[in-house]
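Only one structure is covered here, and it is reproduced in the block below.
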Amino acid sequence: MLMRNKHYNSKKEKRFNLEKELKHAFDTPPPARKEQFINRLDYPRASRFEFISSQIGYIRKRVWICSLVLFMITLICLYSTKASVSLIWVVSSAFPFISLLSISEIAKSTTYNMEELEMSCKYNLLEVSLIRLGILGLANLALLIGIMLLLTCKTDFGLDFGFIRLGLYLLTPYLLNCYGTLFVINRLQSRETMYFCGAVTTFVSALNILLATQVDEIYTEKYRICWDIAFIILVIFCVKELVKLFKKMEELQWNSSLTA
Amino acid sequence: MSLNLQDQYDKIYKYCYFKVKNKEIAEDLTQETFLKYFNRKPRINRGKNLAYLYTIAKNLCIDFYRERGRSDALYVHDDKVQLQSSNSDEVSKFEINYAVRQAVSMLPVDLQELLLLRYANELGINEIANIMNISRFSVYRKLNKALDLLKTVLREEGF
């Protein structure tokens with residue numbers, strides 16, 4: 001048995017060596033006009049639009065599916081139950097999970113330890129992340145506007161709160177979650193980052209439910225100023241964290257170029 | 001893309017050189033292949049497009065011989081590759097390389113082409129099947145046959 005294995009291994013080794021030799025059996029004299037030809041070759045490069053649309057394909061399907069599910073649930077709730085203010089906190093508590101999905105797309109490179117490799121690609125991580133964030137942001141905005149339109153058209157919220165105020169109620173927990181998850185991503189660099197982000201999202205969602213159910217009249221004019229201030233502060237904080245994230249990516253790119 | 005193009009240029013050049021055995025002509029044909037390809041296809045992608053690139057190269061080589069009436073000389077070996085050897089290790093490498101080259105040249109042309117595509121140009125079985133217009137099963141079968149023949153020849157040579 002041992003002899004047979006030994007024979008098999010040496011046979012395999014021989015074939016491997018032969019295959020290695022075959023790689024060089026077709027060696028050619030080096031081409032003389034290669035660089036000149038490639039430099040002058042006017043081949044059609046991918047346009048900006050093609051690049052952006054190609055990025056949509058790399059966003060995981062679960063992001064789109066979850067967004068659609070949230071939209072459908074809102075639709076079903078509106079048509080099957082009597083719409084009440086509670087619908088706002090239900091929807092606004094679900095929104096942080098949509099933002100978590102979007103953030104997980106950006107943290108994908110860190111999670112799978114692909115940052116260094118992606119930094120050395122033609123379109124670097126910063127560029128790709130910006131484009132994907134843009135696409136996801138637009139998709140989230142479309143979802144938000146769709147839900148807000150549904151709520152204003154099918155309920156009295158539009159009359160009671162107005163479109164902008166409704167947006168404020170839905171967006172504030174979303175922004176709080178964006179800030180929280182970006183804070184985690186900027187400070188933690190490990191495969192466990194997404195678990196912490198998940199914890200932040202659950203906390204934000206639970207906090208939103210708690211506030212909405214425990215604090216009376218939270219969606220009234222009485223607390224309007226608090227919502228406005230929270231919204232503005234969160235926008236500023238989110239922008240700061242985003243700038244930090246992009247700067248970190250630039251630093252990584254600089255480090256990669258130095259060590260390349 | 002530029003890296004890919006550089007890589008593909010070398011591989012197509014190797015393929016054309018294998019067909020025409022002349023450095024200048026092989027490079028002309030390589031460049032013509034890329035010009036024709038980019039006239040019809042937007043970008044080099046993987047999969048069938050790579051097979052398309054090779055098909056253009058193959059047809060250009062056939063056209064070259066058809067035009068010049070040299071089809072009979074298509075596979076005459078004209079090894080001009082300079083292999084320099086400085087020490088004993090290099091000498092032994094040179095000997096092995098020379099023996100393998102000689103053994104490969106004894107194989108039928110289609111098997112030589114198959115070995116070039118598979119081992120020198122590192123193409124996948126699917127891509128080779130597309131280029132050679134044969135089934136995946138045939139590619140496997142021919143590859144095994146080529147390797148067995150090579151081993152027999154090399155064994156006779158004492159390797």
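In the set (1) without any contact (Cβ under 8 Å) to a residue 12 or more places away in the chain; (2) touching a Ser or Thr at 6+ places or on another chain (Cβ under 7 Å); (3) not hydrophobic (A, V, I, L, M, F, W, C), the condition left unmet by A:Arg187 is number (2).
Out of B:Tyr98, B:Tyr140, one residue alone is modelled with pLDDT of 90 or more, more than 14 Å from the chain's Cα centre (by Cα) and over 21 Å from B:Leu60 (Cα atoms). It is B:Tyr140. None of A:Phe97, A:Phe71 is more than 14 Å from every other protein chain (Cβ to nearest Cβ), farther than 30 Å from A:Val243 by Cα, modelled with pLDDT of 70 or more and open to solvent by 50 Å² or more (accessible area, probe 1.4 Å) except A:Phe71.
Conditions tested, residue by residue: (1) modelled with pLDDT under 75; (2) farther than 13 Å from A:Phe95 by Cα; (3) open to solvent by 20 Å² or more (accessible area, probe 1.4 Å).
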residue: A:Ser120; (1), (2), (3): yes, yes, yes
residue: A:Leu133; (1), (2), (3): no, yes, yes
residue: A:Leu150; (1), (2), (3): no, yes, yes
residue: A:Lys154; (1), (2), (3): yes, yes, yes
residue: A:Leu159; (1), (2), (3): yes, yes, yes
residue: A:Leu166; (1), (2), (3): no, yes, no
residue: A:Tyr169; (1), (2), (3): no, no, no
residue: A:Leu176; (1), (2), (3): no, no, yes
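Taken over region B:114-142, the residue count meeting the criterion of being touching a helix residue (DSSP H, G or I) at 6+ places or on another chain (Cβ under 7 Å) and at the interface with chain A (Cβ under 10 Å from one of its Cβ atoms) is 7. A:Tyr79 versus (1) at pLDDT below 75; (2) over 17 Å from A:Thr155 (Cβ atoms): which is the lone unmet condition? So the condition that A:Tyr79 fails would be (2).
Under the condition of being within 20 Å of A:Glu21 (Cα to Cα) and in a loop (DSSP other than H, G, I, E, B), the residues counted in region B:121-158 number 5.
The values are calculated or read from the model by the stated rules, or taken from the named source; none is laboratory data. Predicted model, so just to flag it, every value in this text is computed and none were measured. Cβ: placed from backbone, ideal geometry, glycine included. Neighbour counts: every protein chain shown. Calculation scope for accessible area: heavy atoms of the full protein, side chains included, ligands and nucleic acids excluded. Shrake-Rupley method; radii C 1.70, N 1.55, O 1.52, S 1.80 Å.
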